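Read the structure below first, then the notes.
The values are calculated or read from the model by the stated rules, or taken from the named source; none is laboratory data. Only a predicted model underlies this, so the values are computations on that prediction, with no experimental measurement involved. Reconstructed Cβ throughout: ideal geometry from the backbone, glycine too, with neighbour counts over all protein chains shown. Only protein heavy atoms, including side chains, enter the accessible area calculation; ligands, DNA and RNA are left aside. Shrake-Rupley method; radii C 1.70, N 1.55, O 1.52, S 1.80 Å.
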2 protein chains.
Amino acid sequence: MNDESARPAIILFAHGARDPRWAEPFLRVAERVRAEAPEAAVELAYLEHLEPSLEEAARRLALRGAKAIRIVPLFLGRGGHLRIEVPARVAAVAAELPEVVIEVALPAGDDEAVIDALAQFCLRAASS
Amino acid sequence: MNDESARPAIILFAHGARDPRWAEPFLRVAERVRAEAPEAAVELAYLEHLEPSLEEAARRLALRGAKAIRIVPLFLGRGGHLRIEVPARVAAVAAELPEVVIEVALPAGDDEAVIDALAQFCLRAASS
């Protein structure tokens, strides 16, 4: 019997939008994470409009036996979504799944390598 | 006399939000671009809520003598903002400044290195 509970469980948490094509770059990120961490259970979830919600993604992982879930906010800007709505949604998930340890990573916009990649992208885009 | 018109002129164009702290990561990107391309005139502009708007940033660059402006969309998702509002705002700028060549780069979410940096960030965030 596989011990699903030993697999790292990760939710990549993005904003979402009405147009489902919004998600394309995030689906590519999730694919790459799955390819590089095949041992992990990786879900992509959305704050608004798109499915699954954070709650639904966490439920799926819990049903598959996850004992701990790490939520990774794929947000760049540090505004109300990240400061208010994300913590509120995480608290709702934690309340619904008291047997699961829920952790939240720092957001993408706080990551030095992400900032650097964006700057390098701008430099390439400016000169191409 | 400096020939300002020979300087590359770039507008980093981000979404914006009510909370001005939203912009922090984008300000860091702009700082880094300015540090690595000191010959360029770099403005950071916003689609919503924050100042300057795209139009205002373009006006500033045109007043400083820019003959060509490259707009770099710092958007990850490919939804309505990027597909509809950004082109409309760019068209408005082009109409207002007919003597300036306005070009739009591919958005950040289309950049392979940005996608890769986000995936690497997720992998680090998932295991830290």
- [ ] Give the long-range amide H neighbours of A:Ile71: residues separated by 5 or more places, or on another chain, with amide H under 5 Å away, using H modelled in the peptide plane at 1.01 Å from N.
- [x] A:Ile11, A:Glu103, A:Val104, A:Ala105
Task: Semi-axis lengths (Å, descending) of the ellipsoid that matches the C-alpha gyration tensor of the protein assembly as shown - done: 38, 17, 15
TODO: List the residues of region B:69-85 whose accessible area drops by at least 20 Å² when all protein chains are present, compared with their chain alone, using a 1.4 Å probe and counting only protein heavy atoms.
DONE: B:Arg70, B:Val72, B:Leu74, B:Leu76, B:Gly77, B:Arg78, B:Gly79, B:Arg83
- [ ] For chain A, find the longest principal axis of its Cα atoms and tell me its angle to the long axis of helix A:86-96, 0 to 90°, nearest 10.
- [x] 10 degrees
TODO: Sort B:90-97, A:95-102, B:20-27, B:63-70 for me by packing, meaning the mean count of neighbouring Cβ atoms within 10 Å per residue, highest on top.
DONE: B:20-27, B:63-70, B:90-97, A:95-102
- [ ] Work out the mean other chain Cβ neighbour count within 10 Å for the residues of A:94-107 and drop it here as an integer.
- [x] 1
Task: Cα long-axis angle, helix B:54-63 against chain B (0 to 90 degrees, to the nearest 10) - done: 40 degrees
- [ ] Take the alpha-carbon centre of region B:33-97, take the same for region A:32-58, and report the distance between them in whole Å.
- [x] 32 Å
- [ ] Treating the Cα atoms of chain A as identical point scatterers in vacuum, please give the log10 of the normalised Debye intensity I(q)/I(0) at q = 0.12, 0.18, 0.21 Å⁻¹, two decimals.
- [x] -0.48, -1.02, -1.31
Task: Under-5 Å amide H pairs with B:Ala37, H placed in peptide plane, nonlocal only - done: none
TODO: Lys and Arg at +1, Asp and Glu at -1: add these up for the other residues within a Cβ distance under 13 Å of B:Leu50 and post the number.
DONE: -3
Open item on the list: Using a 7 Å offset from the Cα along the Cα-to-Cβ direction at both A:Glu36 and A:Ala92, what is the distance between the two label points in nm, to one decimal?
Closed with: 3.1 nm
Task: Interface size B-A, as summed buried accessible area [1.4 Å probe, Å², nearest 100] - done: 4000 Å²
Open item on the list: Suppose R0 equals 30 Å. What FRET efficiency, 1/(1 + (r/R0)^6) with r the Cβ-Cβ distance, do A:Glu56 and B:Glu103 give to the nearest 0.05?
Closed with: 0.15
Task: Portion, in percent, of the accessible area of region B:23-128 that falls on carbon or sulfur, probe 1.4 Å - done: 56 percent
TODO: Take chain B, connect every pair of alpha-carbon atoms lying under 10 Å apart with a spring to form a Gaussian network, then pick out the residue of B:Gly16, B:Gly79, B:Gly109 with the largest mean-square fluctuation.
DONE: B:Gly79
Open item on the list: Per residue, how much accessible surface does chain A expose to a 1.4 Å probe? Answer in Å², no decimals.
Closed with: 46 Å²
TODO: Only helical DSSP H runs with n ≥ 4 go in: add -39500 (n - 2.57) per run for chain A, normalise by residue count and round the 222 nm mean residue ellipticity to 500 deg cm²/dmol.
DONE: -12500 deg cm²/dmol
